[in-house]
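Each remark here refers to the structure printed beneath this line.
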Amino acid sequence: MASTGSARMPLWVWTWQVLAIVVVAIHTILGSSFPIAAAESIALVGTVFAAVYHAEVVAHRVGEPFGSLVLAVAVTTIEVALIVSMMASGGGDAAGLARDTVFAAVMIVCNGIVGLCLLAGGLRHREQVFQLQGAQAALSVIIPLTTLTMVLPNVTFTTPGPSFSSSQLVFVAVVSLTLYGSFLFVQTVRHRDYFLPERSEGEEAHALRPPNKLVVLSAGLLFISLVLVVALAKVLTPTLELVIERAGAPRSFVGIVIAGLVLLPEGLASYRAANANRLQTSMNLALGSVLATIGLTIPAVAGVSILFHIPLTLGLDAKEELLLALTLVVSLLTVGTGRTTVLQGIVHLVVFVTFLFLSLVP
C-alpha cells in the first residue's frame, strides 16, 4: 500500500471507488445475477482497501487518539444507517435485527479482530505493549453498555419477552449516549494521554505528515468509500441469503456476514497497525469501535422503534449471554497487564470460532 505521507493519491484508490460506483449502478439497472454478484464481491474488497487508505491518511494527520476515532465513528454511523434502513423495510426478522447485528459486531471485534491482531503482532514482535489505563477505561464502559442493552431486557417485567417498553427504551438510549459521550470526553480531552502510544514505533513514526489538501480529500472519500461498502453489502444480501439458505444455515447468519463486511475496513486498519508494532492504535480502533457500535446503534434503533412503532427485541438468549460473558472476562484478562503475546490472540480467536460454529450449528 502506498505511503500515506505522499502528496498524491495513488491511482488504484480512485480506480476501485469508480469501479464500485459502476457496479452498483449496473446492479440497479440490470438487477442481480451471478456475474454481477461476483463483480460486486471483487469491488467490495477493493473498496475496503481504499477506505483503509483514506482512514490512515486522516489518522496520520490528526494523530492519536483522534485518528482511531475517525474510522470507528465513520464505520459505525454507516452501520447504523444500514440497520435502520433494513428495520424500516420491515420483515419478519426486523424485531431482532439490531440485536443480532450489534451482538455480531461485538463478537467480531472483541474476539475476531482483536484475536487476529494479537496473534499477528505476537508472531512478528513476540510481545507488545499498550496503555493499560486506556484499555481498562474502554472495558469499564463496554461492560455496562452490553449488559444494560442486551441482557437487562431479559429480566424486566413491564413488557413480555426480551424487550423494553417505550419508556425503558428511552432510558437505555439516554444511558448509552451518556456512557459513550463520557468515554469520548475522557479519550479526547480529559485523559487523552491514556490512549497515546508509550513510545513511537513502526514504520510511520518518522514519516512526513500528509498535506492538508490530501487530508481533506481523503476525509471526503473515506465517507464515500464507507457508503459504497454498505451499498455493496446491501445489494449482495439477497445472494448471501440464498447461499446461506441452500447451505442449511440459520437465516440470522446473514447478519453476521453483513456485520463482517461492514467492519472490514476497521479490521484491516487494526491488523495493519498491530503488525507494524502499533498495538495502541490497534486497541484504540477495536475497543473504540465496540463502544461506538453500541453507543450509537442502540439510541438510533430505539428512536426508530418508538417513532414508527416497529417491534424491537434486544435481549440475547442464554447461549449468547454466555458467549458475551466469556468475551468480557477474557478481554479483562487480556488488558490486565498491558502486555500481550500470541497466547491471548489464540484464546480470543478460539472464542470467535466458537461463536461462528454455534451460529451455524445452534
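Brief remarks follow.
- Taken over region 214-234, the residue count meeting the criterion of being hydrophobic (A, V, I, L, M, F, W, C) and at pLDDT below 80 is 2.
- Qualifying positions in region 351-362 - within 15 Å of Leu322 (Cα to Cα) and either among the acidic types (Asp, Glu) or in contact (Cβ under 8 Å) with a residue 40 or more places away in the chain (or both): Val351, Phe352, Phe355, Leu356, Ser359, Pro362
- The set of residues from region 234-292 being charged (D, E, K, R) and touching a residue at least 12 places away in the same chain (Cβ under 8 Å) comprises Lys234, Glu241, Arg251, Glu266, Arg272, Arg278.
- Just one of the listed residues (Val170, Val174, Val155, Val189) is surrounded by 15 or more Cβ atoms within 10 Å (Cβ to Cβ) and among the aliphatic types (A, V, I, L, M), namely Val170.
- Any hit, region 236-256, residues being aliphatic (A, V, I, L, M) and closer than 24 Å to Ile142 by Cα: yes
- Taking every residue in region 22-50 that is touching a residue at least 60 places away in the same chain (Cβ under 8 Å) and over 17 Å from Leu242 (Cβ atoms) and pairing it with any residue that is surrounded by 15 or more Cβ atoms within 10 Å (Cβ to Cβ) and of a type in the set (Phe, Trp, Tyr), at least 6 positions away or on another chain, the pairs with Cβ-Cβ distances below 6 Å are Thr47/Trp16; Ala50/Trp16.
- Residue in region 49-63 that is in a helix (DSSP H, G or I), surrounded by fewer than 20 Cβ atoms within 10 Å (Cβ to Cβ) and modelled with pLDDT of 80 or more present: yes
- Residue match in region 88-99 (condition: modelled with pLDDT of 85 or more and either over 17 Å from Gly260 (Cβ atoms) or not acidic (Asp, Glu) (or both)): yes
The values are calculated or read from the model by the stated rules, or taken from the named source; none is laboratory data. If you're wondering where the values come from, they're calculated on a predicted model, not measured in any experiment. Quick reminder, even Gly has a Cβ in these numbers, built from the backbone with ideal geometry, and neighbours come from all protein chains shown.
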